[in-house]
Amino acid sequence: MTPSRYRGAATIATSFLAALMLTALPLPQWAEPWRPAWVTLVLIYWCLAVPQRVGVGVGWVLGLLLDVMTGTLLGQHALSLSLVAFLALRLHLRVRVLPAWQQGISVFLLVVLDRALSLWVTGIQGMPTEAKAIWAPAATSTLLWPWLYVILRDVRRRYQVF
Amino acid sequence: MRLVVFVLASLVLMTVDHRYRHLEAARATLSVVVLPLQLAVNAPFQTAHWASESLATRRSLMEDNDRLRQERLLIEARLGKLADLEAENRRLRDLLDSSARVGERVLIAEVMAVDMDPFSHKLLLNKGTRDGVFLGQPLIDANGVMGQVVHVNPFSCTALLITDPNHALPVQVTRNGLRAIAIGRGVANGLELAHLPLNADARVGDLVVTSGLGGRFPSGYPVGRISQVRTDTGRPFAEVTVEPAAHLERNREVLLVWGPGQAPGDLARGGAGS
């Protein structure tokens with residue numbers, strides 16, 4: 001393993017850790033449903049940017065960490081995030097060339113899928129769920145995507161992750 | 001192909017985690033890995049709390065002090081009476097040849113400022129197996145029962161609140177000894193007494209306490225007051241809503257309880273006095 005590859009891995013891991021921390025950040029009650037799906041967004045970015053390094057496996061491990069952190073059923077987020085990573089890998093050649101706001105549409109669909117799968121598992125366990133929990137995070141995630149994309153792209157170029 | 005493997009793995013994990021307890025060890029290990037992240041998120045809030053405490057004015061501290069001294073006087077007076085009652089109770093139980101109740105021991109834990117899954121009602125606490133915390137341990141605050149421990153690792157534990165739809169609690173109405181099961185409703189601040197017949201003697205304002213029948217919660221801790229009773233003859237059961245007595249969403253410090261015979265490893269550290 002060359003030093004540059006190693007450094008790239010550290011950058012990717014740091015961005016994922018930051019996303020996990022943002023997910024745990026306490027928000028006021030009214031803002032809670034609008035929390036963007038940080039981990040999903042960062043995962044989608046790395047799948048689009050470096051598909052040969054980040055994929056289904058990384059998404060699955062990340063999902064497990066998210067499950068442990070938020071106290072959900074083990075495998076709940078692992079399932080949805082590995083599917084999101086798979087679709088992002090399938091789409092990466094088509095989505096990567098689009099301008100950021102058009103990428104937002106694909107991101108919206110992916111986040112909706114992620115939330116819907118997760119809610120489906122929650123619903124099977126007999127907990128009450130509401131449709132807003134799908135749309136609200138997807139909307140805020142789509143709005144944030146162009147900025148997150150620019151930030152992560154600059155980070156990637158700065159630390160030369162390829 | 002890899003997707004299929006990972007999806008299957010997730011499904012198996014979910015099934016096993018939902019039905020059995022085998023995965024607690026794995027979860028404990030992984031939660032130690034994410035604990036630094038949670039501590040990092042908690043740190044600014046803790047600092048703010050510390051700052052607001054250390055920057056308090058002398059006057060407000062003196063006011064606090066006065067108020068606390070008065071409260072202590074009142075509580076000590078009541079405690080004196082309680083000790084007397086407890087002694088009397090023990091004497092009477094001795095006369096009746098029934099087993100004496102032993103006092104429970106408690107440990108103060110701090111709620112960490114970390115958001116969990118928004119659909120379940122859970123809290124992250126800063127005490128773990130190192131402090132003697134065990135699975136299923138009851139959690140109370142000054143006003144009543146809060147919940148129980150569902151996941152535990154050496155340094156922290158996760159508690160399920162009584163308002164979670166997956167939580168059920170054996171209770172008793174103090175006025176007439178009516179027994180029931182209090183199930184969380186999933187919405188903030190609400191439980192309901194399940195399967196009470198339409199003619200059950202439950203009234204608005206009745207105090208509901210733990211009955212201790214499940215063997216998990218000690219008996220006699222307040223759970224809440226009945227806030228609504230709806231008897232609709234078209235339904236098989238009465239709809240009885242209970243407002244929890246504990247301040248479920250506003251607490252910073254909570255109490256972990258050890259029942260008789262479940263002594264914690266060492267109570268000296270952090271013990272009941274801190």
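Some points to look at:
- Once the gyration tensor of the Cα atoms in the protein assembly as shown is diagonalised, the equivalent ellipsoid follows with semi-axes of 46, 26, 20 Å, ordered largest first.
- Sorting the segments B:22-29, B:131-138, B:33-40 by their mean number of nearby beta carbons within 10 angstrom, highest to lowest, gives B:131-138, B:33-40, B:22-29.
- Distance between modelled label sites at residue A:13 and residue B:46, nm, 7 Å Cα→Cβ extension: 2.3 nm
- Inter-chain Cβ neighbour count for A:58-67, averaged per residue, equals 4 (cutoff 10 Å, partner chain atoms only).
- Kirkwood radius and radius of gyration were both taken over the C-alpha atoms of segment B:168-244, and their ratio Rg/Rh is 0.94.
- Within a Gaussian network of chain B (alpha carbon springs, distance under 10 Å), most fluctuating of B:234, B:144, B:190: B:234
- At 1.002 mPa s and 20 °C, Stokes diffusion of chain A via Kirkwood alpha-carbon radius, µm² per second: 134 µm²/s
- For the pair segment B:18-44 and segment A:14-37, the centres of their Cα atoms are 17 angstrom apart.
All of the numbers you see were taken from the coordinates with simple rules; none came from a lab. It should be emphasised that the depicted structure is a prediction, and the values quoted were computed from it without experimental measurement. Virtual Cβ from ideal backbone geometry, glycine too; neighbours counted across all protein chains shown.
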